[in-house]
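Colleague: So that we are looking at the same thing, I have put the structure below in C-alpha cells.
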Amino acid sequence: MNPQTKAVYDIEDLRRWNETTAGLEPPVRLGVFGDPVAHSRSPQMMGAALVALGISARYVRLHVGPADFPEALRMLPSLGFIGVNITIPHKQAALGLVDSADDHARAMGAVNTVLVDGGALRGSSTDGPGLVRAIREEFRLDLRDLRVLVLGAGGGAGRSISVQCAMEHCARLVLVNRSRDKAEALASDLAPYFRSERLEGPVDRLRVVPWDFAALHRELADIDLIIHTTPLGMNRGDPSPLPESALSPFHVVYDTVYAVEQTPLLAAAAAVGARGANGLSMLLHQGALSFERWFGRSAPLDAMRAGLRSTSSERPPGV
Ligand code: NAP
C-alpha cells in the first residue's frame, strides 16, 4: 500500500525521515517550517504548482519549535530537500542560520525562503517583492509612485512591507503601530533610504504617527495607499482598524489579512467608494517568487491561485 502523507510532520519525523517517508510518491522535497503551521495554505498553493508543471515532488507542513529549528534546518541537505519556506516564528532566526542571504533578506532582517544548494543553505525574503507584485496586479500601481501608510508597522509583515516601500523609494512612508516605540525604531532603521539632497516640502517623507483617530485623520489626507498588517479582521467580530470616516474615495486599501474575502477594513473602504484588495495576492506572489528561486522558472500563477482558493480538504494530489 502506498503510505499516506501526514498533515503535519515534526522534529521526530525529520530525525527518522527515511523511515517516516519511505515509499511516499512523489517524495517530500519541499515544505514550510512554522510553529504553529497547521493552518498554512502554502501546501495547497505549492502542491497545485508542482502538479501543474509535472514536477515529482511533494510540499509538506513541518511543525518545529524554536529550540529544534536550527537542527531541523541543518538537516535539509542530507534529507534531499530542494528548499523550504519559513514562517512564524522562525523568519528572524533563519537569517542567522543560513550560509548566505540576499539583499532583501538582510534588509528585512528575516528569511522566508531557503534554497538547498548542495550542502549550503541560501536564504532570501520574498514577502516584500511579493507585495510589490500584488499591488501592481490588484491596482496597476507601483509603490515608488505612492504615498504609503503602513498600519501595524511594528510586526513582522509590517516591517517587511515598510522596508520594501523604503527600498522602492516610495514618495512618502508613514508608520503607525499600536506600540509606538516599535514604529520609531523602524523609522530610524529606514531613515537612510529617505535622505536626499532635495529640499523637502512641508510634509515629511518618513514619519511616525500615533494610532489615534485625530492624528490618523490628518495624515490620511496626504496618503494614497493604506496597507494594513495587523491581525484585525482574521476573527469574526473584529472591528475595522480604521473607521469609514477616516477613508476617502481616492484611497487605495490593501489589507494583508486573507482569512476572509472582505475584511471589516475592506468593507469600510467599499462603503466610501475606495478601491481595496485582501492579502491573498501577496500570499500568492511571495509563494511564486519562492517557487522561482527553487526551480529557476516562472511559477504557474493560475494553478497556484486555484490551489489557494481550494479548502484544505480539497488538497490537490502531491500535497
Ligand atoms: P506579528 O509580527 O505578530 O505583528 C502583529 C502586528 O499587529 C503588530 O504590529 C501588533 O502591534 C499589531 N496588533 C496585533 N493585535 C492588534 C490589535 N488588536 N490592535 C492593533 N494592533 C494590533 O504578526 P505578522 O507576522 O506581522 O502578521 C500580522 C498579520 O499580517 C497576520 O495576521 C496576517 O493576516 C498578515 N500577513 C499576511 C501575509 C500575506 O502574505 N498576505 C503575510 C504575512 C502576514 P504591537 O506591536 O503593538 O503588538
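Colleague: To the nearest 20 debye, what charge dipole does segment 128-278 have about its Cα centre, counting +1 at the Cβ of each Lys and Arg and -1 at the Cβ of each Asp and Glu?
Modeller: Using Cβ point charges on Lys, Arg, Asp and Glu, segment 128-278 gives about 140 debye.
Colleague: Another question about this same structure. Before I look further, what does the chain give for accessible area per residue, probe 1.4 Å, in whole square angstrom?
Modeller: 44 Å²
Colleague: Say R0 is 35 Å: what FRET efficiency, to the nearest 0.05, do Ala67 and Phe250 get from their beta-carbon distance?
Modeller: Once rounded, the FRET efficiency stands at 0.10.
Colleague: Out of all Cα-Cα pairs in segment 200-270, roughly what percent, to the nearest whole number, are more than 21 Å apart?
Modeller: The answer is 26 percent, as a whole percent.
Colleague: Please give, to one decimal in nm, the separation of the simple spin-label points placed at Asn18 and Val272, each 7 Å out from Cα toward the Cβ.
Modeller: Taking the simple label geometry, Asn18 and Val272 are separated by 6.2 nm.
Colleague: Under 10 Å, Cα contacts only: if you run a Gaussian network model on the chain, which one of His285, His228, His90 comes out with the highest mean-square fluctuation?
Modeller: Between His285, His228, His90, it is His90 that shows the largest mean-square fluctuation.
Colleague: In nanometres, what is the gap between the two model label sites at Gln4 and Arg144, each 7 Å from Cα along Cα-to-Cβ?
Modeller: Simple spin-label model gives 5.2 nm for this pair.
Colleague: Taking K and R as +1 and D and E as -1, what net charge do the other residues with C-beta under 11 Å from the C-beta of Leu186 add up to?
Modeller: Net local charge, Leu186 excluded: 0.
Colleague: Counting other Cβ atoms within 10 Å, keep those with at most 10, restrict to DSSP loop, and tell me which trypsin sites (Lys or Arg not before Pro) in segment 214-292 are left.
Modeller: Qualifying residues, ordered by number: Arg236.
Colleague: Let me ask you something else. Can you tell me how much longer the chain between Asp103 and Ser179 gets when fully stretched, taken as 0.36 nm per residue apart minus their C-alpha distance, in nm with one decimal?
Modeller: 24.6 nm
Colleague: Report, in degrees rounded to the nearest 10, the 0 to 90 angle that the Cα long axis of helix 180-194 makes with the longest principal axis of the chain.
Modeller: Here the helix axis deviates by roughly 90 degrees.
Colleague: Carbon and sulfur together cover what percent of the accessible area of the chain at a 1.4 Å probe radius?
Modeller: The value for the chain is 51 percent carbon and sulfur by accessible area.
Colleague: List residues of segment 173-191, by number, whose backbone nitrogen lies under 16 Å from a label position 7 Å along Cα→C-beta of Ala215.
Modeller: 173-188
Colleague: Among Ser290, Ala259, Met167, whose Cα lies farthest out toward the positive end of the dipole of the chain, if unit charges sit on the beta carbon of Lys, Arg (+1) and Asp, Glu (-1)?
Modeller: So the residue we want is Ser290.
Colleague: Would you mind counting up the charge near Arg122? Only other residues with Cβ under 10 Å from its Cβ, with Lys and Arg at +1 and Asp and Glu at -1.
Modeller: Combined, the nearby Lys, Arg, Asp and Glu give -2.
The values are calculated or read from the model by the stated rules, or taken from the named source; none is laboratory data. Here the structure is a predicted model, which is why all the values come from computation and not from measurement. Cβ coordinates were reconstructed from backbone atoms using ideal geometry, including for glycine residues, and neighbour counts include every protein chain displayed. For the accessible areas, the whole protein counts, side chains as well, though only heavy atoms, and no ligand, DNA or RNA atoms are used. Shrake-Rupley method; radii C 1.70, N 1.55, O 1.52, S 1.80 Å.
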